[in-house]
Amino acid sequence: MKQNKFINIFIAVIFGFSTTLNATNNNNPNSNTSLNSQLNLASINSGANININANEFINTANINSNNDINILSNSFINQTLFTNSLANINSNNNIFINSYGDISNLGGNLNANNNLVLNSLKNITNSTNLNYFANDYKHTYSTTTGGNLNAKNILINANNFTNISANINANDNLEIRAKNDIKSDYIQGITTTYQGDASNYTKTENKKAILGDIKANNINLISNNDINLAGILLKIKGTN
């Protein structure tokens, strides 16, 4: 019987129902890494394949593989929590994510050199994060983080697919299939300036729509219901 190899795996943090695992293949970079856990929140690095079977999968750091990444879960979240520490899942070959529930990429990045395949029996959301900063009490502004899907070929299959001010970039083919709806929406960035003092001041607020990009050589959007694209730049590569 084949035995899964767990190399340098540590239970780092326990938040009630959730467990954080940090798995690295430093001792044998050519072996596969397989995890069976409820929740993954930390970094995994592998010189070969990474296979993860989870009930609830949450990544807030980095998962890197020199070959394929295969994730099967009841729910999947790739989420950036801090602007200086993005949630990245990177593969030098293919990424396959299959979920019985929702797949959510919230300010994170999914990058595959070859194929990126997302399959959900429910909904898939790809969204950028909106972050607010203040230079001082007189000036606040917003920036965006992540929400990028990048691969040679991208296939997305779900009940509903939603893209919010995020970017999808396929060097060759992009296909999005939805049993119900395909839609895109946008968020607004806000810059606020205060002039004067606390007792007498004026407030100037500027809002700007943050648009997302969908780019590929070939784009196929297939929906059994509605396709509503707002706040998105749809571009066929090689055209002006």
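Picking from T125, T140, which residue would you name as being touching a strand residue (DSSP E or B) at 6+ places or on another chain (Cβ under 6 Å), hydroxyl-bearing (S, T, Y), at pLDDT 85 or above and outside any loop (DSSP other than H, G, I, E, B)? Reasoning before the result, please.
Details: T140 fails: at pLDDT 85 or above.
Result of the check over T125, T140: T125.
Under 7 Å between Cβ atoms, at least 6 apart or on separate chains: pull out the pairs that start in the stretch 173-186 with a residue that is touching a residue at least 40 places away in the same chain (Cβ under 8 Å) and surrounded by fewer than 22 Cβ atoms within 10 Å (Cβ to Cβ) and end on any residue that is of a type in the set (S, T, Y) and part of a loop (DSSP other than H, G, I, E, B).
Hits for this filter: Y186/S165.
Working only within the stretch 157-169, note down all residues that are crowded, with 24+ Cβ neighbours inside 10 Å and part of a strand (DSSP E or B).
A158, F161, N163, I168
All but one of (1) free of Cβ contacts under 8 Å to residues at least 60 places away in the same chain; (2) under 20 Å from T128 (Cα atoms); (3) surrounded by 14 or more Cβ atoms within 10 Å (Cβ to Cβ) hold for K208, so report the exception by its number.
(3)
Looking at the stretch 41-89, which of its residues are of a type in the set (S, T, Y) and at pLDDT below 85? Give the derivation first.
Pass one, the stretch 41-89, residues of a type in the set (S, T, Y): 43, 46, 60, 65, 73, 75, 80, 83, 85.
Listed by number, the residues that qualify are S43, S46, T83, S85.
Would you point out the residue of the stretch 102-121, among those that are crowded, with 17+ Cβ neighbours inside 10 Å and not in a strand (DSSP E or B), that is modelled with the lowest pLDDT?
Only one residue tops the list, namely G108.
The values are calculated or read from the model by the stated rules, or taken from the named source; none is laboratory data. Because the structure is a prediction, the values reported are computed rather than measured. Every residue, glycine as well, gets a Cβ built from its backbone with ideal geometry; the counts of neighbours run over all protein chains shown.
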